[in-house]
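Student: I'd like to ask you about the structure that follows.
The values are calculated or read from the model by the stated rules, or taken from the named source; none is laboratory data. None of the values given here were measured: they were computed from a predicted structure. A quick note on method: Cβ atoms are made from the backbone with ideal geometry, for glycine too, and the neighbour counts reach across all protein chains shown.
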Amino acid sequence: MKKTILLLLALPFFLLSCKDALDDVKSIGTFTSTITGDVEKQFDGTAAFVHTITSSGTDQGSLLPIALSKVTDQSEAIGLGLANFLADGVKEGTYNFGNTELIFLPTYVVDQANYSVPDPTKTNQVIITSLTDVRVKGSFEVNLIELTTQKSVKIVGTFDALGTTETK
């Protein structure tokens, strides 16, 4: 479990550091979002994912990080990190922050600010409406706080992410 949480916490750094590896995949998936609060803007771009399913050994489970950004500007990104401890992967459904069957860790990185603390008094959920080995579709609403400044944002959007599913 500690490994999974650490991997999800590293998602923002993964999103910003793996630009070259994800360029081909990100060029075909799309997302749209509206950000309100301390940041006010429409943020649209490309969407990618890698669904990793581990079905053998003691570390059974799955990770599904969904990366939403612009290929031309990697200084801003939304991460929707999902993980569970089931060997059959993440399934279609509604997942809320604090859910016990699946860990959902959203994040929003813009310039030097990292909004990564979900506001527990507000909605923080992702809805996976369609999931195949190469495409994930859905919507999300997250209310995040930037830990250092205590600024907050609400982000509502949809995504049609393309990527890959790996089974180990």
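Student: Evaluate the following for Ile145: is it within 19 Å of Val39 (Cβ to Cβ), surrounded by fewer than 22 Cβ atoms within 10 Å (Cβ to Cβ) and out of contact with any helix residue (DSSP H, G or I) (no Cβ under 7 Å at 6 or more places or on another chain)? If you could, list the steps in order and put the result at the bottom.
Tutor: Numbers: within 19 Å of Val39 (Cβ to Cβ): yes; surrounded by fewer than 22 Cβ atoms within 10 Å (Cβ to Cβ): yes; out of contact with any helix residue (DSSP H, G or I) (no Cβ under 7 Å at 6 or more places or on another chain): yes.
Yes: the conditions hold for Ile145.
Student: On the given criteria, is Tyr95 surrounded by 17 or more Cβ atoms within 10 Å (Cβ to Cβ) and either touching a Ser or Thr at 6+ places or on another chain (Cβ under 8 Å) or not hydroxyl-bearing (Ser, Thr, Tyr) (or both)? Spell out how you get there, then give the answer.
Tutor: On the way: surrounded by 17 or more Cβ atoms within 10 Å (Cβ to Cβ): yes; either touching a Ser or Thr at 6+ places or on another chain (Cβ under 8 Å) or not hydroxyl-bearing (Ser, Thr, Tyr) (or both): no.
Criteria not met by Tyr95.
Student: Scan the stretch 137-147 and tell me whether some residue there is at pLDDT below 95 and more than 13 Å from Gly79 (Cα to Cα).
Tutor: yes
Student: Can you find, within the stretch 43-87, the residue that is farthest from Thr107 (Cα to Cα) among those that are more than 14 Å from the chain's Cα centre (by Cα) and among the hydrophobic types (A, V, I, L, M, F, W, C)?
Tutor: Here the residue is Ala87.
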